[in-house]
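Working notes, structure below.
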Amino acid sequence: MKLRSQAQALMLCALMSAATYSTIRAQELTESSSNPDYVLGVEDRLSIAVWKEPDLSRTVAIRPDGKITTPLVGDIQAAGRTAKQLAADLTTALSRFVKEPVVNVTVEAIESFKVFVLGEVSTQGALVLRRRTRLLEAIALSGGMTQFANRSDVVLIRYDENRETRLRIDYRKIVSGEKPELNVFLKPGDTLIVN
């Protein structure tokens, strides 16, 4: 019961801090809010529909190499593209075989948005997220911090373009409202370590 009320308090703090988000170095670690389109990732499941061509329509999962395989086209890059971009790529590729193809790509299941939470939380491991999620929300989804957690020493590890970035975060300053900008949005592959 106490853990549940702590999780609810964390969620409330996360929502309150989102309203007062300001710009500092931590903003470099957040995703741009100007591009709301979901970027496809490895393990995502897609439904590809080609109008009036049922043999070309199917459900596929993005492979570890970031590609999918479709009839006539063969392998095509999907990870790192939006559904609209992939539909355009498939339309262009299919136009060699089908007169004026109309392709629709729908994300059936998001499986690539995983973050990892380690250390002094109730449940360590991978979190499969379904939407943009902030640091406090991920800690709450992991069951909250244990009694042994050092609330002034949370580390966010992020890999961008083969470069590791580490940001040391004081959880207490986020919750108190002193530094709400540290409650960053997480990206797929991020690792949180609660010391």
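Where the only charges are on Cβ atoms (+1 Lys, Arg; -1 Asp, Glu), what is the dipole of region 88-182 about its Cα centre, to the nearest 20 debye?
140
Using only Cα atoms, locate the centre of region 41-118 and the centre of region 160-180, then give the distance between them in Å, rounded to an integer.
With region 41-118 and region 160-180 each reduced to a Cα centre, they are spaced 35 Å.
Compare the peptides 78-89, 125-136 by average per-residue count of other Cβ atoms within 10 angstrom and give them in order, highest first.
Descending packing order for the listed peptides: 78-89, 125-136.
Arrange the peptides 102-109, 52-59, 160-167 so that the one whose residues have, on average, the most other Cβ atoms within 10 Å appears first.
Put in order of decreasing packing, that is 102-109, 52-59, 160-167.
Rounded to the nearest 20 Debye, what is the dipole magnitude of region 45-109 about its Cα centre when Lys and Arg each give +1 and Asp and Glu each give -1 at the C-beta?
I would put it at about 60 debye.
Quick check on the exposure proxy: order Tyr38, Tyr159, Tyr171 from fewest to most C-beta atoms within 10 angstrom.
Tyr159, Tyr38, Tyr171
Between Thr106, Val128, Val154, whose Cα lies farthest towards the positive end of the dipole of region 82-167 when Lys and Arg beta carbons carry +1 and Asp and Glu beta carbons carry -1, centred on the Cα centre?
Of the options given, the answer is Thr106.
Under 14 Å from the Cβ of Glu111, count the other residues' Cβ atoms, weight Lys and Arg +1, Asp and Glu -1, and hand me the total.
Neighbour charge sum, excluding Glu111 itself: +2.
All of the numbers you see were taken from the coordinates with simple rules; none came from a lab. No experiment lies behind these values; they were computed from the predicted model shown. When we count neighbours, we look across all protein chains shown, and the Cβ atoms used for this are built from the backbone with ideal geometry, even at glycine.
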